[in-house]
Every structure is written in C-alpha cells, then in structure tokens.
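Student: Shown below is the structure under consideration.
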Amino acid sequence: MKVIASSLRKGNIVEVDGKLYVVLNAESFHPGKGTPTTQVDMRRISDGVKVSERYRTTEQVERAYVEDRDYQYLYQDGDGFHFMNPETYDQIAVPKDVVGDQAAYLQENMKVTLSTHEGAILAIQLPQRATLEVVETEPTVKGQTASSSYKPALLSNGTRTMVPPHIAPGTRIVVMTADGSYVERAKD
C-alpha cells in the first residue's frame, strides 16, 4: 500500500528495495523556499542496521502490510517482554531489541499494539501517554515564574524529564511516551 512520506509515524513498517524497515523517527521540514521534505530514520528489521532517508513530502512510500493486534503487558524476564492476547489469553515473548528504549514506559497491564508481518513481531506501539510518579526533584526557588522555568525531575521508571516548579516528589504526572515530556498533573 502506497502512502505519502509525510504521513509516516514512529512504529510504521515500510518496504524499501524489497527490505522491511521500522520507522524510528519521522520529521517534516518546511523551508521558506523550496520543496518540503520528510526526514525518516529507520531500522532494517532483518539485521538491525539503521538508515536515514529524505523524501519529498508528496513522494510515495510503500507501507508493508502488517497486522496490528492489541496485547496486554505482563512482565519482563531473561527471554524479553511478555504480553498476553486479551481475547485468546495466548502469551507471547517480545525480544528486548524490538521494544528498545520504550521499555521504560511499559507498565503492568498496559494495553499495547504489536505489529506482526508473516508471524514475526516487528514493532510495538505504546499508548501516547503514561502516568508516572515523581521520585525526586529540586525544591522550588522562591521568585521563579511558573510560566517560563521548568526543573529536572526523576520519575518512578528511572527516566528524567522537565516539570513545572509546582510539582513536588510524590506527585503523579502524565508524560508522553514518545519523548518523555511532561503533559499535565495526573487527575487521580
């Protein structure tokens, strides 16, 4: 199935020169003069080699037929990450290199989408947002304005992000799983 390059997103599977690639990052550039382009960073599924391609945004790219199925995250062990199909209760182990740096945001019972092509698991898509607890952060300095300054914080999954000054340790916050950026205070 052909799609325009600007519609590619992280986790999509594309076919280039007969080989399958998973999209790691896709960024569109719109210069003041000239043709808009899309920079796509991809990893070849067969051997893990990373490549970067630049397409004109209107250029057609072959998107591979993959089956997306919802799974529920169970646990991690030496074999990788274990997921369960909520309809059939079948369990599946996904290797660490497929999950990659998204592993930090996996939480027990989280619903994820696994992309398979001819029986092989190629990619995983997490929900856009995850709720985590702030473990430690710097104290607020009096006189800081809330609108412009953010301070570093360590989250319960071990990742670091920047949060507004009013966030204190123990506060649950919502972050984007794509880049770990702060969205809002959790409403629970």
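The values are calculated or read from the model by the stated rules, or taken from the named source; none is laboratory data. Only a predicted model underlies this, so the values are computations on that prediction, with no experimental measurement involved. Every residue, glycine among them, receives a Cβ derived from its backbone with ideal geometry; neighbour counts consider all protein chains shown. Just so you know, the surface numbers come from the protein's heavy atoms only, side chains and all, with ligands and any DNA or RNA stripped out. Shrake-Rupley method; radii C 1.70, N 1.55, O 1.52, S 1.80 Å.
Student: Near residue 33, which aspartates and glutamates are there with a Cα under 19 Å away, not counting those fewer than 8 places off in the same chain?
Tutor: 59
Student: Exactly which GluC sites (Glu not before Pro) in the range 85-135 are in a DSSP loop and have at most 13 other Cβ atoms within 10 Å? Mind showing how you got there, number by number?
Tutor: Numbers: sites: 87, 108, 118, 133; in loops: 87, 108, 118.
Sparse-neighbourhood loop GluC sites (Glu not before Pro): 87, 108, 118.
Student: For the range 95-188, which whole percent of the accessible surface, found with a 1.4 angstrom probe, sits on carbon and sulfur atoms? Don't skip to the end; give the middle numbers.
Tutor: On the way: 2700 of 5310 Å².
Using a 1.4 Å probe with all protein chains present, the range 95-188 comes out at 51 percent carbon and sulfur.
Student: Okay, next question. If you build the convex hull over the alpha carbons only and average its shadow over all orientations, what do you get for the range 43-188? Give it in nm² to one decimal. Write out the running numbers ahead of the final one.
Tutor: Working: hull surface 49.4 nm².
So the Cα hull casts an average projection of 12.4 nm².
Student: Now a separate question. Charges at C-beta only: +1 for Lys and Arg, -1 for Asp and Glu. How large is the resulting dipole of the range 56-157 about its Cα centre, in Debye rounded to 20? Could the numbers behind the result be given before it?
Tutor: Numbers: 8 positive and 16 negative charges, 122 e Å.
Using only the charged Cβ atoms, the result is roughly 580 debye.
Student: Only helical DSSP H runs with n ≥ 4 go in: add -39500 (n - 2.57) per run for the chain, normalise by residue count and round the 222 nm mean residue ellipticity to 500 deg cm²/dmol. Don't skip to the answer; put the middle values down first.
Tutor: On the way: 1 runs with 4 residues, N = 188.
Only helices count here, giving -500 deg cm²/dmol.
Student: On to the next question. List the aspartates and glutamates whose alpha-carbon lies under 14 Å from that of residue 111, not counting same-chain residues fewer than 8 positions away?
Tutor: 68, 70, 87
Student: Another question, then. Just how large is the dipole of the chain about the Cα centre, in debye to the nearest 20, putting +1 at every Lys and Arg Cβ and -1 at every Asp and Glu Cβ?
Tutor: Working: 21 positive and 25 negative charges, 179 e Å.
Taking the Cα centre of the chain as origin, the dipole is about 860 debye.
Student: Return one whole number: the accessible area per residue of the chain in Å², for a 1.4 Å probe.
Tutor: Numbers: 11070 Å² over 188 residues.
Roughly 59 Å² per residue, with all protein chains present.
Student: So for the pair residue 113, residue 1, with labels modelled 7 Å out along Cα→Cβ, what separation do we get in nm?
Tutor: Using points 7 Å along Cα→Cβ, the separation is 1.0 nm.
Student: Right, here's the next one. Select from 20, 6, 80 the residue farthest towards the positive end of the dipole of the range 1-86; place +1 on Cβ of Lys and Arg, -1 on Cβ of Asp and Glu, and compute about the Cα centre.
Tutor: 6
Student: Grab the other residues whose beta carbon is less than 14 angstrom from that of residue 51, score K and R as +1, D and E as -1, and report the net. It would help to have the intermediate numbers written out before the result.
Tutor: Working: positive: 19, 43, 44, 50, 54; negative: 15, 17, 41, 47, 53.
Surrounding charge for residue 51 is 0.
Student: So for the range 25-94, what are the equivalent ellipsoid semi-axes in whole Å, largest first, each being the square root of 5 times an eigenvalue of the Cα gyration tensor?
Tutor: On the way: eigenvalues 261, 43, 27 Å².
Output for the range 25-94: semi-axes of 36, 15, 12 Å.
Student: Just order 47-54, 73-80 by mean Cβ neighbour count inside 10 Å, highest at the front, would you?
Tutor: Numbers: 47-54: 11.0, 73-80: 12.9.
Ranked by mean Cβ neighbours within 10 Å, highest first: 73-80, 47-54.
Student: In straight Cα distance, which lysines are under 18 Å from residue 19, not counting same-chain residues fewer than 8 positions off?
Tutor: Residue 19 reaches 2, 10, 50.
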